[in-house]
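Here, each number is a calculation from the coordinates, and none is a lab measurement. This structure is a prediction, so every number in the text was calculated from the model and none was measured. Every residue, glycine as well, gets a Cβ built from its backbone with ideal geometry; the counts of neighbours run over all protein chains shown.
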Amino acid sequence: MKNVLIIHGHPVADTFVDKLTEQYVKGVKASGSLVEEIVLKDLSFDINFKEGYRGNQELEPDLLKAQKLISWADHLVFFYPNWWATYPALLKGFIDRTFLPGFAFKYNKGNSNSEQLLKGKTARLVVTMDTSVWYYYLVQKAPGHHSMREAILHFCGIKPVRISSLGPMRSSSSKQRVRWLKNMYRFGLKQI
């Protein structure tokens, strides 16, 4: 059994991302594992990381709670749309404000390497997109996937990171969408 944390990063209500999230959560619950959910659009926080790591921007209560849930979780699942080949500003702002030095990683003086403070956790990215998946990988070189997996999650010690790229959404058939929903339920059952 695992502690599973869903991080729902779509800033718009009533989307297919909601349905995918629901199926994953149902699968986790059916497995007997514990699941918590953070819905970013429902949180109250400033997405602007005003002074970066030089400042002392106090964390809002919702972000403090999010850090506790991230610490609690064994497996993180991010659901979000691909916008401009990466992810919505809301998700980026959440990461900037919560995955901080001292929580997600630690700089060591006199050493260019950082310490990974979230080791032992795994993750999955579930990303919807209007472009074709092959085009995203071959032509655009999957910049959002690379950023999330390598520059953020691996940097903090979260490995492995599996990715489900779902698209193109606009031209997907109801049969394809049903298949994606069934896969999310199955992934939730296995907590992968």
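A few comments on the model shown:
- Among the residues here, Arg162 qualifies as under 26 Å from Lys29 (Cβ atoms), surrounded by fewer than 16 Cβ atoms within 10 Å (Cβ to Cβ) and of a type outside the set (Gly, Ala, Ser).
- Checking Gly157, Gly120, Gly188 one by one, the residue that is of a type in the set (Gly, Ala, Ser), surrounded by fewer than 13 Cβ atoms within 10 Å (Cβ to Cβ) and either in contact (Cβ under 8 Å) with a residue 24 or more places away in the chain or within 30 Å of Ser71 (Cβ to Cβ) (or both) is Gly120 and no other.
- The set of residues from the stretch 16-56 being buried (at least 16 other Cβ atoms within 10 Å of the Cβ) and assigned to a loop (DSSP other than H, G, I, E, B) comprises Ser33, Leu43, Phe45, Ile47.
- Selected residue (criterion: farthest from Asn3 (Cα to Cα)) from residues of the stretch 72-96 that are more than 14 Å from the chain's Cα centre (by Cα) and touching a residue at least 40 places away in the same chain (Cβ under 8 Å): Ala85
- When Ile6, Ile70 are checked against the criterion of being surrounded by 15 or more Cβ atoms within 10 Å (Cβ to Cβ) and in a strand (DSSP E or B), Ile6 stands alone in meeting it.
- In the stretch 136-192, the residue that is nearest to Asn82 (Cα to Cα) out of those that are among the polar types (S, T, N, Q) and in a helix (DSSP H, G or I) is Ser147.
- Within the stretch 78-113, considering residues that are assigned to a helix (DSSP H, G or I) and in contact with a helix residue (DSSP H, G or I) (Cβ under 8 Å, 6 or more places away or on another chain), the one surrounded by the fewest Cβ atoms within 10 Å (Cβ to Cβ): Leu90
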